[in-house]
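Shown next, in structure tokens, is the structure this report addresses.
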């Protein structure tokens, strides 16, 4: 499966992406607000991806994870996805992570818009959420640009490098106003 925007292709991950995803997770700046931590080896990354790739064959999928590629040259620049709740709640949670060389170019905002649009229009979700460490100003700006609303704070719920961090909780509802024309 592939999704697209003006500058990006979101291609559902496969085992062929293992090494690229592993290398992304080795970058300290990418790991700064990541609860997974830096994997010790590629086998640790494989263990993370195994249930996600297995889920692709399920009739009641819970995970949609994508490689983020530049349309211009198919360069892998990051990873994103949407994880679903139990069916009756119709909730998805989005995430995204990009190589630092691609920060500040609007790619994360573009990715987040594509995921939200897919969640509402294709997956027929009622609500899409995102959590963000309270110190992660870049990601906070992305969520606010895509019309998500800050709903609260989770105190010390993110285990990041052995320290408990606070988390802002953001969400957008299917009937909330949003402007995603530039996709």
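The values are calculated or read from the model by the stated rules, or taken from the named source; none is laboratory data. The shown structure was predicted, so the numbers you read here are calculated from the model rather than taken from an experiment. Cβ atoms come from the backbone with ideal geometry, glycine included; neighbour counts cover every protein chain shown.
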Worksheet item: Can you tell which of 165, 156 is surrounded by fewer than 18 Cβ atoms within 10 Å (Cβ to Cβ), within 17 Å of residue 32 (Cα to Cα) and in contact with a strand residue (DSSP E or B) (Cβ under 6 Å, 6 or more places away or on another chain)?
Response: 156
Discussion item. So if I check each of 101, 130, which one is within 23 Å of residue 12 (Cα to Cα), without any contact (Cβ under 8 Å) to a residue 60 or more places away in the chain and more than 17 Å from the chain's Cα centre (by Cα)?
Written reply: 101
Worksheet entry | Lone qualifier among 55, 43, 73, 31 - being crowded, with 16+ Cβ neighbours inside 10 Å and either more than 28 Å from residue 135 (Cβ to Cβ) or at pLDDT 95 or above (or both) | 55
Practice prompt. Being in a loop (DSSP other than H, G, I, E, B) and at pLDDT 95 or above is the filter; apply it to segment 6-18 and report the residue that is surrounded by the fewest Cβ atoms within 10 Å (Cβ to Cβ).
Written response: 14
Practice prompt. Inspect segment 136-151 for any residue being within 22 Å of residue 100 (Cα to Cα), touching a strand residue (DSSP E or B) at 6+ places or on another chain (Cβ under 7 Å), in contact (Cβ under 8 Å) with a residue 12 or more places away in the chain and in a strand (DSSP E or B) and give the result as yes or no.
Written response: no
Item to complete: Would you point out which residue out of 82, 21, 94, 38 is free of Cβ contacts under 8 Å to residues at least 60 places away in the same chain, assigned to a loop (DSSP other than H, G, I, E, B), closer than 26 Å to residue 157 by Cα and in contact with a helix residue (DSSP H, G or I) (Cβ under 7 Å, 6 or more places away or on another chain)?
Response: 38
Discussion item. Could you check segment 41-76 and list, in sequence order, the residues that are within 13 Å of the chain's Cα centre (by Cα) and either in a helix (DSSP H, G or I) or without any contact (Cβ under 8 Å) to a residue 40 or more places away in the chain (or both)?
Written reply: 63
Worksheet, complete the sentence: Being more than 25 Å from residue 31 (Cβ to Cβ) and in contact with a helix residue (DSSP H, G or I) (Cβ under 6 Å, 6 or more places away or on another chain) narrows 174, 151, 181 down to just 174
